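Below is one structure, written out as structure tokens; comments come after it.
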Amino acid sequence: PARNSKKGSKEKMLKKLVCGLFALAFAFSLLGADNAFVGTWKLNTAKSKQAKGRQVKDGTVVVAVDGDTTNVTDDNTGIDGQTFSIKYTVPTAGGSLTYSQAPPGPTGTTDVMKKIDDRTYEMTSTMNGKEILRQHIALSADHKTMVVRESGVNEKGQAFKSVYVY
């Protein structure tokens, strides 16, 4: 029983981390001058390729800008039916995320955004100085589709790659 409880806790933490990483992708992609990402984005699971352990069956992200701050609400449903909601802000000019609740990732995680061009960003997550996730976020020319390509390592050190289409 105690062993299953630990496994359940690890699974919940992993799911929260997955949702948080989705949220980070959006937060860092929103830092463009024209705020083309403002609005409601729905995950297209049929067009997405989700790595094992990083799957969600439904996801919606709502993005709003208030002055120099971008506000993000990320609501997801895991493949097991559990729902997760993460809310945070990020300075529109770039910088660290501020969560309105405990951060979804493990302690010691740092996230950095780099603008590549007006429709492309790259976000890197490190934990205790070691890279654990890299996300390449690209918006289509018509601003109707966003693709998040990610690669990283899970808590066991195993590599993964995913593509999420919104």
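Within a straight-line Cα-Cα reach of under 14 Å, Lys49 can be paired with the following aspartates and glutamates, leaving aside sequence neighbours fewer than 8 residues apart in one chain: Asp58, Glu150. Taking Rh as the Kirkwood radius computed over C-alpha pairs, what is the Stokes-Einstein D of the range 38-141 at 4 °C in a medium of viscosity 1.567 mPa s, expressed in µm² per second? The estimated diffusion coefficient comes to 85 µm²/s.
Take the cross-link list Lys115/Lys156; Lys42/Lys156; Lys114/Lys161 and give me the ones stretching past 28 Å between alpha-carbons. Correct reply: Lys115/Lys156; Lys42/Lys156. Against the empirical 2.2 N^0.38 Å (N residues), the range 96-166 has a Cα radius of gyration ratio of 1.20.
Rule-based calculations on the coordinates, nothing more; no lab input. The structure presented is a predicted model; accordingly, all values stated were derived computationally and were not measured.
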